[in-house]
Amino acid sequence: MNISVRNLTALGLLGAVLVGCGREAVETPPAPPAKEPAASTSPSPRASAAAAGPKPARVPAAPPTMAPGPGGLTPVYTHRAKGAGKATAKGAEKVVALTFDADMTADQGPRAAQGERFDNPQLIETLRRLKVDSTVFMTGRWAEEYPDQAKSIGRDPRFEIANHSYSHYAFASPCYGLPTVAKPDMADDVQRAFDAFRDAGAVNVVPYFRFPGGCYDDAALRALAPAGVTAVQWDVVSGDAFARDADAVAEQVLDGVKPGSLVVMHCTRSAAPVTEQAIRRIVPELRARGYRFVKVSELMGG
């Protein structure tokens with residue numbers, strides 16, 4: 001298998017990076033993510049669709065993972081394959097996974113100390129209010145900066161926490177100016193993030209990993225193999241990073257979503273300031289189209 005750094009569109013790159021695919025899934029026991037072991041109504045009116053969302057999905061005891069690729073390479077998942085999951089009379093099951101990158105790089109502590117906000121508690125509360133199951137790809141540095149929020153997200157059955165590295169440094173270069181993690185240190189960087197989630201008290205942690213900036217190559221997939229994770233990318237770019245027009249973000253998501261899609265968004269207030277506002281439009285409109293919101297673990301398990 002010859003995987004190179006993804007050649008995304010310019011808009012896609014901007015949506016996937018904050019300054020600071022898909023082989024069929026199989027049910028295999030995941031590697032422990034830390035050193036210690038660590039859904040439903042169908043309203044028709046748009047105005048009431050969001051408020052009457054489903055109950056949170058049960059947190060699976062063993063989240064589904066994918067088998068390693070050729071040569072033991074870390075597997076990569078981008079969306080539910082066509083035909084996977086439950087079929088309906090009208091075709092593929094209308095499910096979509098909204099994912100949110102909680103980005104903070106290892107060297108941004110001074111900026112946080114000066115008042116820059118890398119969190120977005122209002123977004124998390126809106127997802128709760130709208131009853132949207134979702135996956136937060138969190139950096140270990142973010143969990144250290146906001147341990148109470150990491151614990152709250154990681155103990156809420158509405159959410160699951162996945163790994164976005166400790167440092168938010170690049171795993172392949174060039175990657176939009178991000179510093180690069182040395183190949184021998186990549187698996188340790190991932191484990192350090194899992195340790196940070198555990199130290200914060202998060203419970204709903206899944207063995208999934210998202211490459212900072214979406215940048216990876218065969219060497220990174222090989223270096224990451226000891227971490228025992230499934231890499232998770234996306235097929236819909238929201239374009240929310242640095243965006244100022246919430247409607248434009250919503251339109252991009254609404255135009256791109258199809259059954260089984262996996263959307264990348266951000267949970268970083270300073271660099272994605274309109275995400276929460278966009279979600280307030282995206283969720284009811286997709287529900288009006290018959291979509292159900294699921295975590296990555298459910299999407300992959302389908």
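The values are calculated or read from the model by the stated rules, or taken from the named source; none is laboratory data. In this text the structure is predicted, and so the values were computed from the model without any measurement. FYI the Cβ positions are ideal-geometry reconstructions off the backbone, even for glycines, and counts take in every protein chain you see. Surface areas here come from the heavy atoms of the whole protein model, side chains and all, with no ligands, DNA or RNA. Shrake-Rupley method; radii C 1.70, N 1.55, O 1.52, S 1.80 Å.
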The condition from (1) open to solvent by less than 30 Å² (accessible area, probe 1.4 Å); (2) of a type outside the set (S, T, N, Q); (3) over 22 Å from SER167 (Cβ atoms) that ALA288 misses is numbered (1)
State all residues of region 238-255 that are surrounded by fewer than 20 Cβ atoms within 10 Å (Cβ to Cβ) and not aromatic (Phe, Trp, Tyr); if no residue qualifies, say none.
ARG244, ASP245, ALA246, ASP247, ALA248, GLU251, LEU254, ASP255
If we scan region 89-101, do we find a residue that is over 21 Å from GLN252 (Cβ atoms), out of contact with any Pro (no Cβ under 7 Å at 6 or more places or on another chain), open to solvent by 10 Å² or more (accessible area, probe 1.4 Å) and at pLDDT 95 or above?
no
Counting only residues in region 215-237 that are farther than 13 Å from TYR77 by Cβ and assigned to a helix (DSSP H, G or I), the one least open to solvent (accessible area, probe 1.4 Å) is identified as ALA220
Across region 175-189, which residue is least open to solvent (accessible area, probe 1.4 Å) among those that are small (Gly, Ala, Ser) and part of a loop (DSSP other than H, G, I, E, B)?
ALA182
